[in-house]
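Below is one structure, written out as structure tokens, with a few remarks after it.
The values are calculated or read from the model by the stated rules, or taken from the named source; none is laboratory data. Since the structure is predicted, the reported quantities are computational estimates derived from the model, not experimental observations. Please note: Cβ atoms are built from the backbone with ideal geometry, for glycine as well, and neighbour counts cover all protein chains shown. Note: areas computed on protein heavy atoms with side chains; ligands, DNA, RNA excluded. Shrake-Rupley method; radii C 1.70, N 1.55, O 1.52, S 1.80 Å.
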Amino acid sequence: MSKIPNLEHVKSYFDKRIQEHGASPRGSDWNSETSQNLRFDQLLQVVESQTFSLLDYGCGYGALADYLVAKGLDADYYGYDILESAIETARQAHAGKLKRVFFTDKAQLPACDYTVASGIFNFRGEQSFEDWTEYVLGVLGEFDRLSRRGFSSNFLTKYSDADKMRPDLYYADPMVLFDYCKRKFSKNVALLHDYRLYDFTLIVRKD
Ligand SMILES: C[S@@+](CC[C@H](N)C(=O)[O-])C[C@H]1O[C@@H](n2cnc3c(N)ncnc32)[C@H](O)[C@@H]1O
């Protein structure tokens, strides 16, 4: 039985960022638009068509929706976040733009061709590494159920420089998660760990 941690600490952490920095990379706790987009580029490697539906799980203010358009990708975009203030910011930032829906209600999570998640597992606060790992595996299972064609997610890496690592962040083991996805979800899994950030991306293809 997987433990579902109380995510209030996650909400409060990201709420501070969005209240202070609004619809900007720092509002999602990223250092720059360049690194935010570099992560999107990795995650979008799961996509193998021009037209598709996409669930952005932990969408923040929905930066990915604009990035898809900038890349010439025609997606029906669904942005989900647990944080009401992020979704409120997203709705304002994307008002009047087509083919994007934002919501916080988990009951509305749609099945899509693809699910992507950027940065949602990074902050674990005071949860233990073991409990957080169990939670992560549970959410990966959710991605699998929601995604027809595949899903992708990024994680901070345990191969980060020791002096830069923070006790409240989750540094995942890429080998363990790769192995889990390969055994549990699909034979076709990619581990991307060469894009010069302290994180890695897992791509799981289901077709
Ligand atoms: C680092 S921010 C990234 C936002 C966006 N993906 C981006 O790259 O700009 C992580 C977001 O994930 C959300 N989040 C964390 N855990 C979540 C969960 N279990 N379900 C939904 N959203 C979650 C947070 O509220 C926050 O808005």
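Taken together, Asn37, Asn31 contain a single residue that is surrounded by fewer than 13 Cβ atoms within 10 Å (Cβ to Cβ) and either within 17 Å of the chain's Cα centre (by Cα) or under 19 Å from Glu142 (Cβ atoms) (or both), which is Asn31. Looking at the structure I just gave you, is Ile18 open to solvent by less than 20 Å² (accessible area, probe 1.4 Å) and either in contact with a strand residue (DSSP E or B) (Cβ under 8 Å, 6 or more places away or on another chain) or among the hydroxyl-bearing types (Ser, Thr, Tyr) (or both)? Spelling it out, it is not the case that Ile18 is open to solvent by less than 20 Å² (accessible area, probe 1.4 Å) and either in contact with a strand residue (DSSP E or B) (Cβ under 8 Å, 6 or more places away or on another chain) or among the hydroxyl-bearing types (Ser, Thr, Tyr) (or both). Considering only residues in segment 69-82 that are within 14 Å of the ligand (Cβ to nearest atom) and touching a residue at least 24 places away in the same chain (Cβ under 8 Å), the one that is surrounded by the fewest Cβ atoms within 10 Å (Cβ to Cβ) turns out to be Ile82.
If the condition is being aromatic (Phe, Trp, Tyr) and either near the ligand (Cβ under 10 Å from one of its atoms) or farther than 22 Å from Gly62 by Cα (or both), then segment 107-158 contributes Phe121, Phe123, Phe129, Trp132, Tyr135.
Among the conditions (1) part of a helix (DSSP H, G or I); (2) more than 24 Å from Tyr13 (Cα to Cα), the only one that Asp163 does not satisfy is (2).
Note on segment 20-54: residues that are closer than 20 Å to Phe123 by Cβ and away from the ligand (no atom under 12 Å from the Cβ) total 2.
One residue stands out in segment 186-207 among those that are among the acidic types (Asp, Glu) and touching a strand residue (DSSP E or B) at 6+ places or on another chain (Cβ under 8 Å): the one that is modelled with the highest pLDDT, namely Asp199.
Across segment 172-192, the number of residues qualifying as open to solvent by less than 30 Å² (accessible area, probe 1.4 Å) and of a type in the set (Ser, Thr, Tyr) comes to 1. Contact map, segment 28-52: residues that are hydroxyl-bearing (Ser, Thr, Tyr) paired with residues that are away from the ligand (no atom under 11 Å from the Cβ) and part of a loop (DSSP other than H, G, I, E, B), Cβ distance under 7 Å, separation 6+ or inter-chain. Pairs shown: Ser35/Leu197.
Contact annotation: residue pairs with Cβ atoms under 7 Å, 6 or more positions apart or on different chains, pairing a residue in segment 159-186 that is of a type in the set (Phe, Trp, Tyr) with a partner that is modelled with pLDDT of 95 or more and in a helix (DSSP H, G or I), are Tyr170/Trp132; Tyr180/Leu137; Phe185/Asp144. On inspection, Lys97 fails the criterion of being open to solvent by 60 Å² or more (accessible area, probe 1.4 Å), in contact with a Gly (Cβ under 8 Å, 6 or more places away or on another chain) and away from the ligand (no atom under 13 Å from the Cβ). Applying the set (1) farther than 27 Å from Val47 by Cβ; (2) open to solvent by 20 Å² or more (accessible area, probe 1.4 Å) to Leu156 leaves exactly one unmet item: (1). In this entry, Lys11 passes the filter for residues that are within 9 Å of the ligand (Cβ to nearest atom) and over 23 Å from Arg145 (Cβ atoms).
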